[in-house]
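Pasting a structure here, questions to come.
All of the numbers you see were taken from the coordinates with simple rules; none came from a lab. Only a predicted model underlies this, so the values are computations on that prediction, with no experimental measurement involved. Glycine also receives a Cβ, built like all others from the backbone with ideal geometry; neighbour counts cover every protein chain displayed.
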Amino acid sequence: VDISDFDDSNPDWKLVSVKSDRQSKFYPCCPGEDYPVLHFNVTLKRRWPSMSIHNEI
């Protein structure tokens, strides 16, 4: 999946990659008909500088 046009302005997360896979599933009830199964793997990276913990005493 091409992510070059993705808007990367989210302050908390960075989109690293998106991968997709298409498979055809066949069922005994419907011979000759395939049902597409789509799998997406989305990898995000946390932008730690935007997340900080402050302790006050």
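Can you give the Rg/Rh ratio of region 1-53, where Rg is from the C-alpha atoms and Rh is the Kirkwood radius?
Value, to two decimals: 1.28.
Counting Lys +1, Arg +1, Asp -1, Glu -1, what net charge surrounds residue 37 among other residues with beta carbon under 13 Å of its beta carbon?
That sum, taken over residues with Cβ under 13 Å, equals 0.
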